[in-house]
There are 2 protein chains.
Amino acid sequence: MAPKIKDVAKKAGVSVTTVSRVLNGEKYVKDDLKDRVKQAIDELGYTPSHIARSLVRKKTNLIGVIVPDVTSSFYSTILSSIEKTASMNDYNLLVCNIIEDIDKELKYLNVFKEMRVDGIIIMHEKLNDEIRDMIHKLGIPIIFSSVKPTDQAFASVIIDDYTAAYDATRYLIELGHERIGFIGGDMRDVTSGQNRYIGYCRAMADSSLPLVDEHVRFGDYKTQSGYDLIRELLACEDRPTAVFAVSDDMAVGAMNAVRDQGLAVPDDLSIIGFDGSQLTELVRPRLTSMEQPIQEMGKVTVEVLIDMIMDQEDAPGQDVVLKHQLVVRDSCKRHG
Amino acid sequence: MAPKIKDVAKKAGVSVTTVSRVLNGEKYVKDDLKDRVKQAIDELGYTPSHIARSLVRKKTNLIGVIVPDVTSSFYSTILSSIEKTASMNDYNLLVCNIIEDIDKELKYLNVFKEMRVDGIIIMHEKLNDEIRDMIHKLGIPIIFSSVKPTDQAFASVIIDDYTAAYDATRYLIELGHERIGFIGGDMRDVTSGQNRYIGYCRAMADSSLPLVDEHVRFGDYKTQSGYDLIRELLACEDRPTAVFAVSDDMAVGAMNAVRDQGLAVPDDLSIIGFDGSQLTELVRPRLTSMEQPIQEMGKVTVEVLIDMIMDQEDAPGQDVVLKHQLVVRDSCKRHG
């Protein structure tokens, strides 16, 4: 059993009230009493209950985090950065891994509410009406990280996904590619689905390159989906010479499919990814990618959230938009 | 502001005591009062405070988890399994990512204590005296997952690392390899450092194969370390024809180094990894690996811990040892 305040009092030979006064740093406690109490605390290994103190302070220093999939390289990196910044600011993380399970998300939002978390970080944008209603009612500061829900009431830390996708496609065009395929995400997602697709379409149109229906496929950001979709593209009659995949995981799946068909990246097909996850450096050829500043994104998310918690303010007036960056590695080559 | 019990009482037109009696499911509350209270709760979105209830129940349903590095494929997979099993049993996770920072670990153990977590999961075995002292004093059920500290007082869910390493080496020997290199972990770690090294040594000795000092290197389980160490092995005069790396991350680093030197896996060097992480299927050639049952390990860890919490018992009398399994993919070939 963990020692209680009365155990400290007994060991120090003082009243519980005296222990409490010492713990609260009150003046007018004699030095020798203070010393005895402190010694008793050390010897027993007593810690004042966080729970009891939370009741008084109205603050738990807890942040609830909803992650779509902690095993993805992108989310585990951003989570690690969130944890680091939270810890440096004496906040602790309640982590929920939802794997697109709406019921689990609702359950966890209730847990966050019951636990009186000081703030919530959400890393997906598939809010159904029930969840949207619930987070509005919670009355707890909420921030979205790496995504922006259509509901304008919430703060987001994001990159400009449209321009980033435009720039990625533009890079392939500048390498001389004209038949450029697209492996997209879930079109119910505005940030990572629609915006990246529109950026691709616009870049193609601005260079008067035709959009070929057969060269455009949509998946779920994961490796297997990249693997399956690229096989469809490779089966086209006029197959593309380059492909833009909207996640590094999908790009790596695509690279593997190319290789498993006896073809080579980038000789037979150039591939550019999106995210800047650890995978870019782990695969061969190393993956050229349009990178999000993942570490910075986690850090800024926590910093803005803490500001919201401290100021008891609503969401900041505008989103925080971080810079994307093309990192050229070995998976794309000049065409023709 | 979140609604309080007095707001519910006001809205329902009843006393706070009545609301409290309804919440506690007491009998002898008139049905119409019950209905009014329930309706007020629904409309206000009121939730009884977890904090207040914890004070009464002496149980927080929190599990503190100490992860060495959430961005590693192995740890993020086991964490995801721990989270799933915990959530199914209505436990929530406080996650701490320590990255071998002892001060941070001590700080988090204090947080776990203050938060009155019901149990703690630790996934590394580098316990210094200060940490060992502290976790003994905590008086909270603790379980180690995937590692076993030398301190016998703690429960562990592990595989038999010695035999698994023996079997991995044996597999290379049966393929006809005689010059078999070893890329090991941190020898301060008993489970993943010493036991895997001893398994390798013993398998070599049992086949009367010589241990060549130059062919044995130690790193930190990470990709970069595998990359650097294999370059040293390749520079040896009689370089090995096969290598056993004690983590998949190191094996993938090793594969990349081989390729970057213009050589091929498995034609010039066979490589076997250890863990069974997602990476094994992501790289080309796909990585043959001695696999730990990662998902099961996370699940069993939580189940045993919950048993300890419920029974208020100390650690179970013996460790839980799960089965390892060789999964043959494409990174090893027959020699000679």
Exercise. Restricting the first residue to region B:254-279 and requiring it to be closer than 17 Å to B:Phe218 by Cβ, which pairs with a second residue that is of a type in the set (D, E, K, R) and surrounded by fewer than 18 Cβ atoms within 10 Å (Cβ to Cβ) meet a Cβ separation below 6 Å and a spacing of at least six or different chains?
Worked result: B:Ala257/B:Arg231
Problem set entry | Counted residues, region B:129-182 - those being within 22 Å of B:Ile78 (Cβ to Cβ) and either away from chain A (no Cβ under 14 Å) or among the β-branched types (Val, Ile, Thr) (or both) | 27
For this session: Could you check, for region A:258-274, whether at least one of its residues is surrounded by 24 or more Cβ atoms within 10 Å (Cβ to Cβ), charged (D, E, K, R) and within 14 Å of chain B (Cβ to nearest Cβ)?
Result: no
Seminar exercise, completed: Looking across region A:91-108 at residues that are surrounded by 22 or more Cβ atoms within 10 Å (Cβ to Cβ) and among the β-branched types (Val, Ile, Thr), the single one that is nearest to the other protein chains (Cβ to nearest Cβ) is A:Val95
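Does region A:275-296 hold any residues that are away from chain B (no Cβ under 14 Å) and of a type in the set (Gly, Ala, Ser), and which are they?
Of all residues in region A:275-296, those away from chain B (no Cβ under 14 Å) come to A:288-293, A:296.
Once the filter is applied, which keeps residues that are away from chain B (no Cβ under 14 Å) and of a type in the set (Gly, Ala, Ser), region A:275-296 yields only A:Ser289.
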Exercise. What number of residues in region B:188-234 are farther than 15 Å from B:His177 by Cα and not in a helix (DSSP H, G or I)?
Worked result: 9
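So that you can scan it fast, the table gives a plain yes or no per residue for (1) in the same structural domain as B:Met310 (by TED's automatic domain parsing); (2) in contact with a Phe, Trp or Tyr (Cβ under 7 Å, 6 or more places away or on another chain); (3) in contact (Cβ under 8 Å) with a residue 40 or more places away in the chain; (4) assigned to a loop (DSSP other than H, G, I, E, B):
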residue: B:Ile120; (1), (2), (3), (4): yes, yes, yes, no
residue: B:Lys126; (1), (2), (3), (4): yes, no, yes, yes
residue: B:Ile131; (1), (2), (3), (4): yes, no, no, no
residue: B:Ile135; (1), (2), (3), (4): yes, no, no, no
residue: B:Phe144; (1), (2), (3), (4): yes, yes, no, no
residue: B:Val147; (1), (2), (3), (4): yes, no, yes, yes
residue: B:Ala153; (1), (2), (3), (4): yes, no, yes, yes
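Here's the yes/no breakdown for (1) in contact with a Lys or Arg (Cβ under 8 Å, 6 or more places away or on another chain); (2) outside any helix (DSSP H, G or I); (3) aliphatic (A, V, I, L, M); (4) at pLDDT 70 or above:
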site: A:Ala2; (1), (2), (3), (4): yes, yes, yes, no
site: A:Ser20; (1), (2), (3), (4): no, no, no, yes
site: A:Val37; (1), (2), (3), (4): no, no, yes, yes
site: A:Glu43; (1), (2), (3), (4): yes, no, no, yes
site: A:Pro48; (1), (2), (3), (4): no, yes, no, no
site: A:Arg53; (1), (2), (3), (4): no, no, no, no
site: A:Gly64; (1), (2), (3), (4): no, yes, no, yes
Seminar exercise, completed: For A:Thr301, the lone unmet condition from (1) over 24 Å from B:Asp69 (Cβ atoms); (2) in the same structural domain as A:Val70 (by TED's automatic domain parsing); (3) crowded, with 16+ Cβ neighbours inside 10 Å is (1)
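Any chance you could count how many residues in region B:156-173 are in a strand (DSSP E or B) and touching a Leu at 6+ places or on another chain (Cβ under 8 Å)?
Filtering region B:156-173 down to residues in a strand (DSSP E or B) leaves B:156-159.
If we keep only those that are touching a Leu at 6+ places or on another chain (Cβ under 8 Å) too, we end up with B:157-159.
Total satisfying the criteria: 3.
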Exercise. Yes or no: A:Leu106 touching a Pro at 6+ places or on another chain (Cβ under 6 Å) and either of a type in the set (A, V, I, L, M) or not in a helix (DSSP H, G or I) (or both)?
Worked result: no
Seminar exercise, completed: Filtering region A:208-222 down to residues that are modelled with pLDDT of 95 or more and crowded, with 22+ Cβ neighbours inside 10 Å yields A:Gly219
Seminar exercise, completed: By residue number, the members of region A:174-190 that are surrounded by fewer than 16 Cβ atoms within 10 Å (Cβ to Cβ) and not aliphatic (A, V, I, L, M) are A:Glu174, A:Gly176, A:Arg188
Exercise. Looking at region A:138-152, which of the residues that are out of contact with any helix residue (DSSP H, G or I) (no Cβ under 7 Å at 6 or more places or on another chain) and surrounded by fewer than 17 Cβ atoms within 10 Å (Cβ to Cβ) is modelled with the lowest pLDDT?
Worked result: A:Gln152
For this session: Find all pairs meeting these conditions: Cβ atoms under 7 angstrom apart; at least six residues apart or on different chains; first residue within region B:58-74 and at the interface with another protein chain (Cβ under 9 Å from one of its Cβ atoms); second residue of a type in the set (Gly, Ala, Ser).
Result: B:Thr60/B:Ser54; B:Val70/A:Ser76; B:Val70/A:Ser80; B:Val70/B:Ser76; B:Thr71/A:Ser76; B:Thr71/A:Ser80; B:Ser73/B:Ser277
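Do we find a residue being within 28 Å of the chain's Cα centre (by Cα), in contact (Cβ under 8 Å) with a residue 60 or more places away in the chain and either crowded, with 23+ Cβ neighbours inside 10 Å or within 14 Å of chain A (Cβ to nearest Cβ) (or both) anywhere in region B:229-242? First the steps, then the outcome.
Residues of region B:229-242 within 28 Å of the chain's Cα centre (by Cα): B:229-230.
Restricting the remaining residues to those that are in contact (Cβ under 8 Å) with a residue 60 or more places away in the chain gives none.
Scanning region B:229-242 turns up no residue that is within 28 Å of the chain's Cα centre (by Cα), in contact (Cβ under 8 Å) with a residue 60 or more places away in the chain and either crowded, with 23+ Cβ neighbours inside 10 Å or within 14 Å of chain A (Cβ to nearest Cβ) (or both).
Suppose we filter B:Asp249, B:Asp307 for residues that are farther than 20 Å from B:Glu178 by Cα, of a type outside the set (Ser, Thr, Tyr), part of a helix (DSSP H, G or I) and without any contact (Cβ under 8 Å) to a residue 40 or more places away in the chain; which single one remains? Outline the logic, then answer.
On the way: B:Asp249 fails: without any contact (Cβ under 8 Å) to a residue 40 or more places away in the chain.
Every option except B:Asp307 fails the conditions.
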Exercise. Within region B:67-77, can one find any residue that is under 30 Å from B:Thr280 (Cβ atoms), at pLDDT 85 or above, among the hydrophobic types (A, V, I, L, M, F, W, C) and not in a helix (DSSP H, G or I)?
Worked result: yes
For this session: Taking B:Arg202 as meeting all but one of (1) touching a strand residue (DSSP E or B) at 6+ places or on another chain (Cβ under 9 Å); (2) modelled with pLDDT of 95 or more; (3) not β-branched (Val, Ile, Thr), write down the number of the exception.
Result: (1)
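Here is a check on your reading of the model: is A:Tyr171 under 25 Å from A:Ser145 (Cβ atoms) and assigned by TED's automatic domain parsing to the domain that holds A:Val246? Please lay out each step first, then the result.
Working: under 25 Å from A:Ser145 (Cβ atoms): no; assigned by TED's automatic domain parsing to the domain that holds A:Val246: yes.
Against the criterion (under 25 Å from A:Ser145 (Cβ atoms) and assigned by TED's automatic domain parsing to the domain that holds A:Val246), A:Tyr171 does not qualify.
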Problem set entry | Condition check for A:Ser225: of a type outside the set (A, V, I, L, M) and either within 21 Å of the chain's Cα centre (by Cα) or closer than 27 Å to A:Ile158 by Cα (or both) | yes
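The values are calculated or read from the model by the stated rules, or taken from the named source; none is laboratory data. Since the structure is predicted, the reported quantities are computational estimates derived from the model, not experimental observations. Note that we place each Cβ from the backbone using ideal geometry, even for glycine, and neighbour counts take in every protein chain shown.
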